[in-house]
Structure formats: structure tokens, C-alpha cells
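Below: the structure, in C-alpha cells.
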Amino acid sequence: MKVRRSNRVIDMTRYLLERPHTLVPLTYFSEKFSSAKSSISEDLTIIRNTFARQGTGILETVPGAAGGVRFIPTVEAQAAQDFLTDMSERISESDRLLPGGYVYLSDLLGTPEVLRQVGKLIAAQYAKKSVDVVMTIATKGIPIAQSVAYYLNKPFVIVRRDSKITEGSTVSVNYVSGSSNRIEKMELSKRSLKQDANVLIVDDFMKGGGTISGMCSMVKEFDANLAGIAVFGEGNFEGKRNIPTYTSLIRVEQIDTDNNQILAVPGNYVAQTDFIQLQPKA
């Protein structure tokens, strides 16, 4: 039974939004809605233009017998800046300051809407780059990695500081903690990465960069490639971080424990990102 165009467009939009970076053949929609491919193509044009006008993302057409359409999430520069400004203001709230100069972030990184935005921002930066897997370290980086992996439609792997029997045999590396200057160890299952895989490293917060450096070493141990590094937040660090170029969404500029004050500002995300300009087609 044929379906009205308005219903088709709504259902197709939902289907595509739930499957980012997934190639969907036109025949799938044609058979599902008992409609000609020409009608489906017209529906997709409506969706493509709507995505472009709203800054939702790109609806990419792949020609050929094995082709179809693929939804690629993106973000606009102003939307990214607005979100990062809002996050900076929320992180600057004085009641987030914990003993020892730590900043409480668990409520933000436990909020689905914040995680959705964070994942989309980081994934959008790699919308046109080759990423095979997202890597993070247990435990606070896991929700971020899961969100990024969803928007890239790629698996994510978890590096741990202690081995789990359920991981099987592991590869371990030693690294120097940037904040405490101590030797630490991290491990990853041998089945997690393939040789020459392009790995995007993400984490919740970076101080001295020792944990990130350790994950970079882990990528090398697997003869894989570093696709990039992204962190939700970074703090001021006196000294040099021995890590490659990275992206931060938020930067904690100042922590004043005496006066119970935090100053957070947007990180380098906007400066580091080549935003894709979306233009509706006539």
C-alpha cells in the first residue's frame, strides 16, 4: 500500500537521523513505501534541503548500482559557539569546585542532551576524515566515546588501567602521568584494534596530557594510525604537554580555591574545525 508523501518524508527523515554515516539504497525506501524511485528521489531532495537550512547535516548521494544516500551529521559554527559558551558558563559555577582544585563535571557528562551535543560536535570535526575506531580510557571518557562513535557510526574501544578477564589477552604500555609525574600502566585487549586502523582518541578532561600520551603510545603498539585527539575539557598546565595537536571543547582558565571561583571559556574547537557550509539545492 502506498504511503502519502508527508508520511514518507517523516519516516525517511527519522530513519536517516538514526543511522548516521550509513549508506541506504534507494531501493530500500522504494520497496518499503511501494513508491517509484523518482518519487523517493524527490522526497530525499526535500529532506536534503531541510537538513541544509537547519544545519542538521549533509544528505550525500552515492551514484551507481550499489549507491544510495548517506546522512552525515554536521554543526554550524554559531551553534557550536553557543553551546560551548553555555557549557563554559555552567562549568564556571562556584559550587563545582571540589577539594584539591578538581572540577565536578559528572552531572553534565551524565546528561543525555549534553552528551548528544558533545558527540555531534566532535564527530562533525571528522565528518570528512577517515576514522575506523574511537578510543577512550575508563571510566569517565566512556559516555563521550559512545556518543562520538554513534555519530560516526564506528565502534569504540576502552583502554583500562587494570586488565579484565573478559578482555582476553591484552597489550600494555607504561606512561608518565602528566599531573603526578608517576609511572602508570594501561591495557587494551589484543582484539580491539587492527593494524593500520585510524584511531580517534577522546577523553573527558586533560591536565598534563599523560593519559592521552599513553593512549597515543597504545595506538603505536598496535601499528595503527592516530586520526586525532579530542577532549571535553582541559585545564591550565605549567610545562609542555608531550602530545600531538588536539581539540578541546572547554578550557578551564583559572581555579581560585581561596575565593571558590572557577573561570571556564570555550576551548580551541571552533578555531580547529573546518565547518562545512550547507547550501540547499534549488
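Observations
- Looking across the stretch 1-39, the residues that are assigned to a loop (DSSP other than H, G, I, E, B) and out of contact with any Phe, Trp or Tyr (no Cβ under 6 Å at 6 or more places or on another chain) come down to 1, 2, 4, 18, 19, 21, 22, 23, 25, 34, 35, 36.
- Selection within the stretch 180-198 - out of contact with any strand residue (DSSP E or B) (no Cβ under 9 Å at 6 or more places or on another chain) and hydroxyl-bearing (Ser, Thr, Tyr): 180
- In the stretch 211-226, the residues that are touching a residue at least 60 places away in the same chain (Cβ under 8 Å) and under 12 Å from residue 244 (Cβ atoms) reach residues that are assigned to a loop (DSSP other than H, G, I, E, B) and among the small types (Gly, Ala, Ser) with C-beta atoms within less than 9 angstrom, at least six apart or across chains, in these pairs: 219/197.
- Any chance residue 68 is touching a helix residue (DSSP H, G or I) at 6+ places or on another chain (Cβ under 6 Å), in contact (Cβ under 8 Å) with a residue 12 or more places away in the chain, crowded, with 20+ Cβ neighbours inside 10 Å and not β-branched (Val, Ile, Thr): no
- So residue 278, is it in contact (Cβ under 8 Å) with a residue 12 or more places away in the chain, under 30 Å from residue 89 (Cα atoms) and not assigned by TED's automatic domain parsing to the domain that holds residue 120: yes
- Matching strands (runs of 3 or more DSSP E) fully within the stretch 131-249 where at least 2 residues are in the same structural domain as residue 84 (by TED's automatic domain parsing) and more than 17 Å from residue 119 (Cβ to Cβ): 170-176, 183-189, 198-206, 225-235
- The stretch 17-36: number of residues that are at pLDDT below 95 and on the phi > 0 side of the Ramachandran plot: 1
- With respect to being in the same structural domain as residue 206 (by TED's automatic domain parsing), within 25 Å of the chain's Cα centre (by Cα) and surrounded by 18 or more Cβ atoms within 10 Å (Cβ to Cβ), residue 106 falls outside the description.
- Being in contact (Cβ under 8 Å) with a residue 40 or more places away in the chain and either at positive phi or exposed (fewer than 14 other Cβ atoms within 10 Å of the Cβ) (or both) is a description that applies to residue 94.
- The residue list 208, 239 contains one member that is more than 20 Å from the chain's Cα centre (by Cα) and on the phi > 0 side of the Ramachandran plot, which is 239.
- Considering residues of the stretch 115-138 that are free of Cβ contacts under 8 Å to residues at least 40 places away in the same chain and surrounded by fewer than 21 Cβ atoms within 10 Å (Cβ to Cβ) only, the residue farthest from residue 155 (Cα to Cα): 117
- Within the option set 111, 61, 85, being outside the structural domain of residue 154 (by TED's automatic domain parsing) and surrounded by fewer than 17 Cβ atoms within 10 Å (Cβ to Cβ) holds for one residue only, 61.
- Each residue in the stretch 12-36 was checked for being aliphatic (A, V, I, L, M), crowded, with 17+ Cβ neighbours inside 10 Å and without any contact (Cβ under 8 Å) to a residue 40 or more places away in the chain, and 1 pass.
- Any hit, the stretch 84-101, residues being part of a strand (DSSP E or B) and within 19 Å of residue 204 (Cα to Cα): yes
- Residues in the stretch 121-133 include none that are of a type in the set (Asp, Glu), in contact with a Ser or Thr (Cβ under 9 Å, 6 or more places away or on another chain) and closer than 27 Å to residue 272 by Cβ.
The values are calculated or read from the model by the stated rules, or taken from the named source; none is laboratory data. Since we're looking at a predicted model, the values are computed, not measured. In this analysis, Cβ positions are derived from the backbone assuming ideal geometry, glycine residues included, and neighbour counts consider all displayed protein chains.
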